[in-house]
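Visitor: This is the structure I want to talk about, given as C-alpha cells.
The values are calculated or read from the model by the stated rules, or taken from the named source; none is laboratory data. Source: prediction; values computed, not measured. Glycine also receives a Cβ, built like all others from the backbone with ideal geometry; neighbour counts cover every protein chain displayed. The accessibility values were calculated without ligands, DNA or RNA, using every heavy atom of the protein model including side chains. Shrake-Rupley method; radii C 1.70, N 1.55, O 1.52, S 1.80 Å.
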Amino acid sequence: LITGIAGLVAGSMSMAAGEYVSVASQKDTQQADIARETEELANDTEFEHEELATIYERRGLDKELARRVATQLMQKDALGAHMRDELGISETITVNPLQAALTSAATFATGAALPLIPAVVAPETSRVPVIALSSLVFLGSLGALSAWAGGAPVSKAALRVTIWGAVAMGVTALIGSLMHVAVA
C-alpha cells in the first residue's frame, strides 16, 4: 500500500512535470512562429498574400478564387488567416501547459489509485496476482472508457492498453528479478 501510494505520487508528479515541459515548449514554438509571421507580414505583404493564395489553391480552389479569398481574409485579419491556414494555430488550438500538467497528474493519479483498492482488500497470500490482474482489468476498462469518450473503437483501445500494460508489468517484474528484488 505504501509502495502504491509512493508510486501514485511520484508518477503523478513525473507525468505533470513532463507534460508541463512538453506543452510549454510547444507554446514557445507557437509564439515564435506567430512572431516570425507577424514580422513577415510587416516586411513582405505581397509574398505573404501569394503564400496564402497558394495554400488555398492546394486545397482545391482555382487560382482566381484563391487570390480573392486570400485578399479578403488578409484585409480582415492577415495574421489570423496565416496563423490558421499556414501555421495551423487557432484560438481554440492554443496550448496551456498548466492545464495539461494538471490533467496529466489527475488522470495518472486516478489510474494509479484503482489498484490500491485490491491491495487493501485482497488476502495477503494472493495479493500480488490479484493486484496484477485487477490492474490489467482497470487498464482495459479505462482504455475502453477513453476510447468511448473520444468516439474511437472501444475494443481495439482496451486491448491495446491491456497488452501494453501487461508488457510493462512483465518488464518491471523481469528487472526486479534481475536485481534480486522479489515481491513477497
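Visitor: What's the total number of residues in segment 155-177 that are exposed (fewer than 15 other Cβ atoms within 10 Å of the Cβ), of a type outside the set (S, T, N, Q) and free of Cβ contacts under 8 Å to residues at least 12 places away in the same chain?
Guide: Number satisfying all stated conditions: 10.
Visitor: Considering only segment 124-154, state which residues are closer than 17 Å to residue 108 by Cβ, of a type in the set (S, T, N, Q) and crowded, with 17+ Cβ neighbours inside 10 Å.
Guide: 135
Visitor: Quick test for you: out of 70, 132, 66, pick the one residue that is more than 30 Å from residue 46 (Cα to Cα) and at pLDDT 90 or above.
Guide: Selected residue: 132, the only one of 70, 132, 66 that is more than 30 Å from residue 46 (Cα to Cα) and at pLDDT 90 or above.
Visitor: Taking segment 69-96, which residues are under 21 Å from residue 39 (Cβ atoms), open to solvent by 90 Å² or more (accessible area, probe 1.4 Å) and polar (S, T, N, Q)?
Guide: If the condition is that a residue be under 21 Å from residue 39 (Cβ atoms), open to solvent by 90 Å² or more (accessible area, probe 1.4 Å) and polar (S, T, N, Q), then 75 is the only one that fits.
Visitor: Okay, moving on. Might you let me know whether segment 48-68 holds any residue that is assigned to a helix (DSSP H, G or I), surrounded by 17 or more Cβ atoms within 10 Å (Cβ to Cβ), in contact with a Gly (Cβ under 9 Å, 6 or more places away or on another chain) and aromatic (Phe, Trp, Tyr)?
Guide: No.
Visitor: Filter the helices (runs of 4 or more DSSP H) completely within segment 87-166 down to those with at least 1 residues that are touching a Phe, Trp or Tyr at 6+ places or on another chain (Cβ under 6 Å) and among the small types (Gly, Ala, Ser).
Guide: 97-113
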